[in-house]
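Before any comments, here is the structure.
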Amino acid sequence: MRWISGIMAGTLVACAPVTQDSVAPPDGRDGDSVDNIASPAEDEAAARFDWKQNFPGWYAAVEPFQIMGTGRKGIYFVGTEGLGIYFIPTDVGHIVIDSGMPGEGQYVADAIRKLGFDPGDVKILLNSHAHLDHSGGLAELKAMTGAKLVASEGDRSALEGGFYLGSEDDSTMNAPPVKVDRTIGNGEQLKLGDVTLTAHITPGHSRGCTTWTMPVVQGGETYEALIFCSATVAANRLVGPPQYEGIVEDYRKTFAMTKDWQPDIFLANHPEFAGLPDKRARQKAGDPLAFVDREGFPALMARLEKAFEAELEKQMLKYNAIMSD
(Lines give C-alpha, C1' and ligand atoms only; values in the text may rest on other atoms or scores of the structure.)
Protein backbone atom coordinates (compact mmCIF):
# COMPACT_ATOMS: atom_id res chain seq x y z
CA MET A 1 0.00 0.00 0.00
CA ARG A 2 1.53 3.29 -1.14
CA TRP A 3 0.55 6.44 0.65
CA ILE A 4 1.28 10.05 1.40
CA SER A 5 4.83 10.36 2.62
CA GLY A 6 4.87 10.81 6.36
CA ILE A 7 1.28 11.96 6.57
CA MET A 8 -0.17 9.29 8.78
CA ALA A 9 2.54 9.80 11.34
CA GLY A 10 1.12 13.18 12.26
CA THR A 11 -1.75 13.51 10.62
CA LEU A 12 -17.25 29.51 -5.99
CA VAL A 13 -18.93 29.06 -6.00
CA ALA A 14 -16.64 29.52 -7.37
CA CYS A 15 -15.81 26.05 -7.90
CA ALA A 16 -17.29 25.22 -11.22
CA PRO A 17 -15.94 24.63 -14.69
CA VAL A 18 -15.15 27.61 -16.87
CA THR A 19 -17.26 25.84 -19.48
CA GLN A 20 -19.82 23.21 -18.82
CA ASP A 21 -18.19 20.56 -20.98
CA SER A 22 -14.67 21.01 -19.66
CA VAL A 23 -13.21 17.93 -18.01
CA ALA A 24 -9.80 18.26 -16.35
CA PRO A 25 -8.31 20.67 -18.92
CA PRO A 26 -4.53 21.15 -18.75
CA ASP A 27 -4.81 24.71 -17.44
CA GLY A 28 -5.99 23.34 -14.11
CA ARG A 29 -9.32 25.14 -14.06
CA ASP A 30 -11.18 21.83 -14.07
CA GLY A 31 -14.51 22.07 -12.26
CA ASP A 32 -13.47 24.92 -10.07
CA SER A 33 -13.97 28.36 -11.52
CA VAL A 34 -16.65 30.93 -12.00
CA ASP A 35 -14.50 33.19 -14.11
CA ASN A 36 -17.48 33.60 -16.41
CA ILE A 37 -19.20 35.50 -13.62
CA ALA A 38 -16.13 37.02 -12.00
CA SER A 39 -17.07 40.18 -10.09
CA PRO A 40 -20.80 39.45 -10.31
CA ALA A 41 -21.46 42.06 -7.65
CA GLU A 42 -20.55 44.69 -10.25
CA ASP A 43 -22.96 43.18 -12.74
CA GLU A 44 -26.56 44.37 -12.79
CA ALA A 45 -27.61 40.83 -13.69
CA ALA A 46 -25.94 39.28 -10.65
CA ALA A 47 -29.15 39.14 -8.64
CA ARG A 48 -30.78 37.20 -11.46
CA PHE A 49 -27.89 34.78 -11.97
CA ASP A 50 -29.28 31.28 -12.44
CA TRP A 51 -26.87 28.67 -11.09
CA LYS A 52 -28.88 25.77 -12.43
CA GLN A 53 -28.97 27.20 -15.93
CA ASN A 54 -25.25 27.98 -15.95
CA PHE A 55 -24.05 24.83 -14.18
CA PRO A 56 -26.64 22.14 -14.91
CA GLY A 57 -24.24 19.33 -14.00
CA TRP A 58 -24.36 20.46 -10.40
CA TYR A 59 -28.04 19.54 -10.35
CA ALA A 60 -28.00 16.47 -12.62
CA ALA A 61 -28.93 13.36 -10.62
CA VAL A 62 -26.56 10.39 -10.47
CA GLU A 63 -27.51 7.00 -9.08
CA PRO A 64 -25.65 6.62 -5.76
CA PHE A 65 -23.10 3.82 -5.56
CA GLN A 66 -20.35 2.27 -3.45
CA ILE A 67 -16.92 3.47 -4.54
CA MET A 68 -14.94 0.91 -2.55
CA GLY A 69 -15.43 -1.12 0.59
CA THR A 70 -16.34 -4.47 2.08
CA GLY A 71 -20.01 -5.37 2.50
CA ARG A 72 -21.88 -2.20 3.37
CA LYS A 73 -18.79 -0.39 4.65
CA GLY A 74 -16.42 1.96 2.87
CA ILE A 75 -17.12 5.11 0.82
CA TYR A 76 -20.22 5.82 -1.25
CA PHE A 77 -20.94 8.52 -3.82
CA VAL A 78 -24.16 10.45 -3.15
CA GLY A 79 -23.46 13.53 -5.24
CA THR A 80 -24.58 14.88 -8.58
CA GLU A 81 -22.93 14.74 -11.98
CA GLY A 82 -20.86 17.82 -11.17
CA LEU A 83 -20.59 17.81 -7.37
CA GLY A 84 -18.83 15.17 -5.31
CA ILE A 85 -20.63 14.32 -2.06
CA TYR A 86 -19.55 11.29 -0.05
CA PHE A 87 -21.32 9.02 2.42
CA ILE A 88 -19.42 6.91 4.95
CA PRO A 89 -21.52 4.45 7.01
CA THR A 90 -20.57 3.01 10.39
CA ASP A 91 -22.31 0.72 12.89
CA VAL A 92 -23.02 3.62 15.24
CA GLY A 93 -24.06 6.29 12.77
CA HIS A 94 -22.97 7.79 9.49
CA ILE A 95 -20.79 10.58 8.04
CA VAL A 96 -21.45 12.84 5.06
CA ILE A 97 -18.75 14.96 3.41
CA ASP A 98 -20.09 18.08 1.62
CA SER A 99 -23.68 18.79 0.67
CA GLY A 100 -23.94 20.35 -2.76
CA MET A 101 -25.82 23.52 -3.62
CA PRO A 102 -28.45 25.26 -1.48
CA GLY A 103 -31.58 23.13 -1.61
CA GLU A 104 -29.74 19.87 -2.29
CA GLY A 105 -29.87 18.55 1.25
CA GLN A 106 -32.99 16.55 0.39
CA TYR A 107 -31.24 15.13 -2.68
CA VAL A 108 -28.42 13.83 -0.47
CA ALA A 109 -30.89 12.34 2.01
CA ASP A 110 -32.77 10.62 -0.80
CA ALA A 111 -29.51 9.21 -2.20
CA ILE A 112 -28.61 7.78 1.21
CA ARG A 113 -32.06 6.21 1.42
CA LYS A 114 -31.64 4.66 -2.04
CA LEU A 115 -28.51 2.93 -0.77
CA GLY A 116 -30.57 1.28 1.98
CA PHE A 117 -29.45 3.50 4.85
CA ASP A 118 -31.48 5.85 7.03
CA PRO A 119 -30.42 9.51 6.60
CA GLY A 120 -31.68 10.03 10.14
CA ASP A 121 -28.67 8.00 11.30
CA VAL A 122 -26.19 10.57 9.94
CA LYS A 123 -24.28 11.79 13.00
CA ILE A 124 -21.48 13.90 11.51
CA LEU A 125 -21.36 16.40 8.64
CA LEU A 126 -17.97 17.39 7.22
CA ASN A 127 -17.08 20.09 4.72
CA SER A 128 -14.22 20.44 2.28
CA HIS A 129 -14.57 24.21 2.03
CA ALA A 130 -17.00 27.05 2.57
CA HIS A 131 -18.16 27.72 -1.00
CA LEU A 132 -21.86 27.40 -1.74
CA ASP A 133 -21.53 24.49 -4.16
CA HIS A 134 -20.10 22.36 -1.36
CA SER A 135 -21.62 23.91 1.77
CA GLY A 136 -24.99 25.02 0.40
CA GLY A 137 -26.97 22.03 1.65
CA LEU A 138 -25.34 21.68 5.07
CA ALA A 139 -27.93 23.68 7.00
CA GLU A 140 -30.76 21.68 5.44
CA LEU A 141 -29.04 18.35 6.12
CA LYS A 142 -28.26 19.38 9.66
CA ALA A 143 -31.89 20.33 10.32
CA MET A 144 -33.11 17.04 8.82
CA THR A 145 -30.69 14.74 10.64
CA GLY A 146 -29.63 16.54 13.81
CA ALA A 147 -26.01 15.75 12.86
CA LYS A 148 -23.09 17.78 14.18
CA LEU A 149 -21.01 19.85 11.75
CA VAL A 150 -17.24 19.56 12.04
CA ALA A 151 -15.15 22.05 10.03
CA SER A 152 -11.90 23.99 10.08
CA GLU A 153 -11.47 27.19 12.06
CA GLY A 154 -10.36 28.92 8.87
CA ASP A 155 -13.73 28.34 7.22
CA ARG A 156 -15.88 28.73 10.30
CA SER A 157 -16.74 32.40 9.81
CA ALA A 158 -17.80 31.83 6.20
CA LEU A 159 -19.93 28.80 7.07
CA GLU A 160 -21.66 30.51 9.98
CA GLY A 161 -22.01 33.80 8.11
CA GLY A 162 -23.13 32.20 4.87
CA PHE A 163 -20.74 34.27 2.75
CA TYR A 164 -17.73 33.81 0.45
CA LEU A 165 -14.74 35.07 2.43
CA GLY A 166 -13.40 38.26 0.89
CA SER A 167 -16.55 38.78 -1.17
CA GLU A 168 -18.98 39.31 1.68
CA ASP A 169 -20.96 41.93 -0.27
CA ASP A 170 -21.62 39.57 -3.16
CA SER A 171 -24.95 37.93 -2.41
CA THR A 172 -24.66 35.76 -5.53
CA MET A 173 -22.15 33.61 -3.67
CA ASN A 174 -24.04 33.31 -0.40
CA ALA A 175 -25.05 29.99 1.18
CA PRO A 176 -27.48 29.29 4.02
CA PRO A 177 -25.59 29.96 7.29
CA VAL A 178 -24.86 26.87 9.35
CA LYS A 179 -23.47 26.51 12.87
CA VAL A 180 -20.14 24.73 13.27
CA ASP A 181 -20.35 22.44 16.30
CA ARG A 182 -16.68 21.54 16.44
CA THR A 183 -13.55 22.80 14.74
CA ILE A 184 -10.79 20.47 13.65
CA GLY A 185 -7.13 21.23 12.95
CA ASN A 186 -4.45 19.91 10.66
CA GLY A 187 -3.61 16.29 11.46
CA GLU A 188 -6.49 15.83 13.88
CA GLN A 189 -8.50 12.65 13.66
CA LEU A 190 -12.25 12.20 13.78
CA LYS A 191 -13.59 8.80 14.85
CA LEU A 192 -17.06 7.32 14.59
CA GLY A 193 -17.54 3.61 15.15
CA ASP A 194 -14.89 1.73 13.19
CA VAL A 195 -14.11 4.68 10.89
CA THR A 196 -11.27 7.14 11.41
CA LEU A 197 -10.81 10.18 9.20
CA THR A 198 -7.86 12.55 9.32
CA ALA A 199 -8.17 16.25 8.51
CA HIS A 200 -5.46 17.97 6.48
CA ILE A 201 -5.76 21.74 6.16
CA THR A 202 -4.77 22.54 2.56
CA PRO A 203 -5.49 26.29 2.37
CA GLY A 204 -5.62 28.64 -0.58
CA HIS A 205 -8.82 27.84 -2.44
CA SER A 206 -10.43 28.80 0.85
CA ARG A 207 -8.76 29.82 4.09
CA GLY A 208 -9.72 26.58 5.82
CA CYS A 209 -9.81 24.23 2.83
CA THR A 210 -9.84 20.74 4.33
CA THR A 211 -8.76 17.50 2.69
CA TRP A 212 -9.96 14.29 4.33
CA THR A 213 -8.21 10.90 4.35
CA MET A 214 -9.25 7.47 5.59
CA PRO A 215 -8.38 3.78 5.15
CA VAL A 216 -10.78 1.61 3.13
CA VAL A 217 -10.74 -2.20 3.22
CA GLN A 218 -11.67 -4.26 0.15
CA GLY A 219 -10.72 -7.79 -0.83
CA GLY A 220 -8.63 -8.18 2.31
CA GLU A 221 -6.45 -5.19 1.33
CA THR A 222 -6.35 -1.77 2.93
CA TYR A 223 -6.31 1.26 0.66
CA GLU A 224 -5.79 4.88 1.69
CA ALA A 225 -8.44 7.20 0.29
CA LEU A 226 -8.09 10.95 -0.10
CA ILE A 227 -11.01 13.34 -0.64
CA PHE A 228 -9.30 16.49 -1.86
CA CYS A 229 -10.54 20.00 -1.11
CA SER A 230 -9.24 22.04 -4.07
CA ALA A 231 -6.29 24.16 -5.17
CA THR A 232 -7.72 26.06 -8.12
CA VAL A 233 -7.73 29.85 -8.11
CA ALA A 234 -11.35 30.02 -9.30
CA ALA A 235 -12.84 33.43 -8.41
CA ASN A 236 -10.14 34.24 -5.85
CA ARG A 237 -8.21 37.50 -5.99
CA LEU A 238 -4.52 36.86 -5.39
CA VAL A 239 -3.51 40.54 -5.34
CA GLY A 240 -4.93 44.03 -5.02
CA PRO A 241 -6.37 43.28 -2.45
CA PRO A 242 -6.13 39.51 -1.98
CA GLN A 243 -9.24 37.45 -1.23
CA TYR A 244 -7.83 37.05 2.26
CA GLU A 245 -4.50 37.97 3.80
CA GLY A 246 -1.82 35.37 3.10
CA ILE A 247 -3.65 33.57 0.29
CA VAL A 248 -0.63 33.32 -2.02
CA GLU A 249 1.51 31.84 0.75
CA ASP A 250 -1.31 29.42 1.57
CA TYR A 251 -1.53 28.11 -1.99
CA ARG A 252 2.22 27.58 -2.09
CA LYS A 253 2.10 25.87 1.30
CA THR A 254 -0.49 23.45 -0.02
CA PHE A 255 1.50 22.65 -3.16
CA ALA A 256 4.60 22.01 -1.04
CA MET A 257 2.66 19.94 1.51
CA THR A 258 1.08 17.69 -1.10
CA LYS A 259 4.15 17.27 -3.29
CA ASP A 260 4.79 13.67 -2.22
CA TRP A 261 1.21 12.59 -1.59
CA GLN A 262 0.22 9.49 -3.54
CA PRO A 263 -3.08 8.13 -2.22
CA ASP A 264 -4.40 4.80 -3.42
CA ILE A 265 -7.89 6.24 -4.00
CA PHE A 266 -8.21 9.84 -5.16
CA LEU A 267 -11.61 11.55 -4.85
CA ALA A 268 -12.61 15.17 -5.18
CA ASN A 269 -15.58 17.45 -4.63
CA HIS A 270 -15.94 17.90 -8.39
CA PRO A 271 -16.00 14.38 -9.88
CA GLU A 272 -14.14 15.33 -13.05
CA PHE A 273 -11.09 16.34 -10.99
CA ALA A 274 -10.44 12.68 -10.22
CA GLY A 275 -11.81 11.18 -13.43
CA LEU A 276 -14.74 9.68 -11.56
CA PRO A 277 -17.01 9.16 -14.58
CA ASP A 278 -14.44 6.98 -16.37
CA LYS A 279 -13.63 5.05 -13.21
CA ARG A 280 -17.30 4.46 -12.52
CA ALA A 281 -17.74 3.13 -16.07
CA ARG A 282 -14.87 0.69 -15.54
CA GLN A 283 -16.35 -0.37 -12.21
CA LYS A 284 -19.73 -1.05 -13.80
CA ALA A 285 -17.95 -3.08 -16.48
CA GLY A 286 -16.61 -5.38 -13.76
CA ASP A 287 -13.35 -3.87 -12.47
CA PRO A 288 -13.54 -3.98 -8.62
CA LEU A 289 -10.41 -1.80 -8.34
CA ALA A 290 -11.43 0.83 -10.86
CA PHE A 291 -10.99 3.58 -8.27
CA VAL A 292 -7.43 2.64 -7.35
CA ASP A 293 -5.41 5.41 -8.98
CA ARG A 294 -2.03 6.28 -7.50
CA GLU A 295 -0.99 8.64 -10.29
CA GLY A 296 -4.11 10.79 -10.55
CA PHE A 297 -3.52 13.08 -7.58
CA PRO A 298 0.15 13.92 -8.31
CA ALA A 299 -0.76 14.64 -11.93
CA LEU A 300 -3.60 16.96 -10.92
CA MET A 301 -1.48 18.87 -8.42
CA ALA A 302 1.28 19.42 -10.98
CA ARG A 303 -1.29 20.99 -13.31
CA LEU A 304 -2.85 23.08 -10.57
CA GLU A 305 0.48 24.47 -9.35
CA LYS A 306 1.42 25.51 -12.87
CA ALA A 307 -2.01 27.09 -13.36
CA PHE A 308 -1.74 28.94 -10.04
CA GLU A 309 1.61 30.52 -10.89
CA ALA A 310 0.30 31.54 -14.31
CA GLU A 311 -2.81 33.11 -12.79
CA LEU A 312 -0.76 34.91 -10.15
CA GLU A 313 1.44 36.43 -12.84
CA LYS A 314 -1.63 37.43 -14.85
CA GLN A 315 -3.30 39.11 -11.88
CA MET A 316 -0.10 40.90 -10.87
CA LEU A 317 0.41 42.28 -14.38
CA LYS A 318 -3.18 43.50 -14.48
CA TYR A 319 -2.94 45.03 -11.01
CA ASN A 320 0.35 46.77 -11.77
CA ALA A 321 -1.08 48.14 -15.01
CA ILE A 322 -4.06 49.57 -13.17
CA MET A 323 -1.89 51.08 -10.45
CA SER A 324 0.41 52.73 -12.99
CA ASP A 325 -2.44 54.42 -14.84
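The values are calculated or read from the model by the stated rules, or taken from the named source; none is laboratory data. Here the structure is a predicted model, which is why all the values come from computation and not from measurement. All Cβ positions, glycine included, derive from the backbone under ideal geometry; neighbour counts span all protein chains shown. Side chains are part of the model used for accessible areas, which takes the heavy atoms of the whole protein and leaves out ligands, DNA and RNA. Shrake-Rupley method; radii C 1.70, N 1.55, O 1.52, S 1.80 Å.
Brief remarks on what is shown
- For the range 246-325, a simple Cβ point-charge model (Lys and Arg +1, Asp and Glu -1, everything else neutral) yields a dipole of about 220 debye relative to the Cα centre.
- Solvent-accessible ranking of M173, M144, largest area first, probe 1.4 Å: M144, M173
- In the context of the full set of protein chains, the chain has a per residue accessible area of 41 Å² (1.4 Å probe).
- Pairwise Cα distances in the range 212-299 exceed 23 Å for 34 percent of all pairs.
- One way to sum up the overall shape of the range 104-170 is the equivalent ellipsoid from its Cα gyration tensor, whose semi-axes run 25, 12, 9 Å, largest first.
- Note on the chain: dipole from Cβ charges, positive end direction compared against P271, A307, G219; the farthest Cα belongs to G219.
- Rounded to the nearest 500, the helix-only mean residue ellipticity at 222 nm of the chain stands at -8000 deg cm²/dmol, with each DSSP H run of n ≥ 4 adding -39,500 (n - 2.57).
- Only Lys, Arg (+1) and Asp, Glu (-1) charged, at Cβ; the chain dipole about Cα centre in debye: 840
- T183-K259 pseudo-label distance in nm [points 7 Å out on the Cα-to-Cβ vector]: 2.9
- The tail of the calculated P(r) for the chain, taken as Cα-Cα distances beyond 34 Å, holds 16 percent of the pairs.
- With all protein chains in place and ligands, DNA and RNA left out, the 1.4 Å accessible area ranks E153, E305 as E153, E305, largest first.
- Over all directions, the projected convex hull of the C-alpha atoms in the range 142-241 averages 8.3 nm² in area.
- Accessible area of the chain belonging to carbon and sulfur atoms, whole % at 1.4 Å probe: 51
- Accessible area ranking (1.4 Å probe, heavy atoms, ligands and nucleic acids excluded), largest first, for D121, D278, D264: D278, D121, D264.
- In Å², nearest 10: area of T70 left accessible to a 1.4 Å probe: 70
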